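Worksheet: the structure to be examined is printed underneath.
Please treat every number below as a calculation from the coordinates, not as lab data. Source: prediction; values computed, not measured. Note that we place each Cβ from the backbone using ideal geometry, even for glycine, and neighbour counts take in every protein chain shown.
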Amino acid sequence: MKSVAIFCGSQAGRQETYRQAAEDLVDALMERGVSIVYGGGNVGLMGIVADRAMAKGGHVIGVIPNALVEMERAHNGISELIHVDNMSDRKQKMCELADSFITLSGGTGSMDELFQELTHRQVGYHSKTCAILNTGGYYNHLLAWLQNAVDEGFIDKARYDQLIVEASPEDLISRMMESKQ
């Protein structure tokens, strides 16, 4: 695993645990020399991820749509900031640049990114690892929905089992590294 796209919120969330999990994840990635691709903002969990990685000497590429430069306050203190025309181009570019995906706590944008990559893996557009860092059980309801979709025959169990989910950043990365071997 050389590069990972991190999908996360442009908000930091109400609990300090989301910030801490993002920082711990970045620390673990930096220890392994993994570069980060993310949404290019300097606010919320996006800003926390980028700032932590840069402080640790990491390589960080941000990808931001022109329409969001002001709203998400484009991060100009990272290794590279790529401007794109729209959200579809953002997701495509992030996919091109990363060999794995991790979803942190976030909102609809993070879900859009996660589900696109899960779908792309399912239909064979790529075979990249998709993972969720389930901080404080944030994604328990989503995981229950996914399990229900498996139980009801809408998602193949083997495909669901390819999604890596852990509550600990270190455990998540260890499982992702094992899946790459």
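Here are a few things to note about the model shown:
- Charged-residue dipole, Cβ positions (Lys, Arg, Asp, Glu), the stretch 41-108 about Cα centre, Debye nearest 20: 200 debye
- Residues whose placed amide H lies under 5 Å from that of residue 82, excluding near-sequence neighbours: 62, 63, 64
- Using alpha-carbon coordinates, inclination of helix 108-122 to the longest axis of the chain, degrees: 50 degrees
- Value at 222 nm in deg cm²/dmol, rounded to 500, when DSSP H runs of n ≥ 4 in the chain each add -39,500 (n - 2.57): -14000 deg cm²/dmol
- Total charge dipole magnitude, the chain, about the Cα centre, Cβ charges on Lys, Arg, Asp, Glu only, Debye to nearest 20: 180 debye
- Once backbone amide H atoms are built at 1.01 Å from N, residue 129 has 101 as its partners under 5 Å, excluding neighbours fewer than 5 places away on the same chain.
- Mean separation of Cα pairs under 8 Å and 6 or more residues apart, divided by the residue count, gives the stretch 75-181 a relative contact order of 24 percent.
- Most to least packed among 29-40, 137-148 [average Cβ atoms within 10 Å]: 29-40, 137-148
- Rounded if a/c under 1.5, otherwise prolate or oblate - the stretch 3-179, Cα gyration tensor axes: prolate
- Sites residue 69 and residue 27 - FRET efficiency at Förster radius 25 Å, r taken between beta-carbons, to 0.05: 0.30
- Compared with the dominant principal axis of the Cα atoms in the chain, helix 140-151 is inclined by about 40°.
- Rounded to 10°, Cα long-axis angle of helix 169-179 versus longest principal axis of the chain: 60 degrees
- For the stretch 21-35, Karplus couplings with θ = phi - 60° (6.51, -1.76, 1.60), whole Hz, Gly/Pro x: 5, 4, 5, 5, 4, 4, 4, 5, 5, 5, 4, 9, x, 8, 7
- Long-range HN-HN contacts of residue 37 with modeled amide H, under 5 Å: 4, 5, 6, 61
- Where a label projected 7 Å from the Cα of residue 56 along Cα→Cβ would reach, residues of the stretch 65-94 with amide N under 20 Å: 75-81
- Spin-label pair residue 144/residue 115, simplified geometry with 7 Å Cα→Cβ offset, distance in nm: 1.9 nm
- Burial ordering of 178, 80, fewest other beta-carbon atoms within 10 Å first: 178, 80
- With contacts taken as Cα pairs under 8 Å and at least 6 residues apart, the chain reaches a relative contact order of 24 percent.
- Positive contributions from Lys and Arg (+1) and negative ones from Asp and Glu (-1), summed over other residues with Cβ under 10 Å from the Cβ of residue 23, come out at 0.
- R0 of 30 Å, Cβ-Cβ distance residue 171-residue 88: FRET efficiency to nearest 0.05: 0.40
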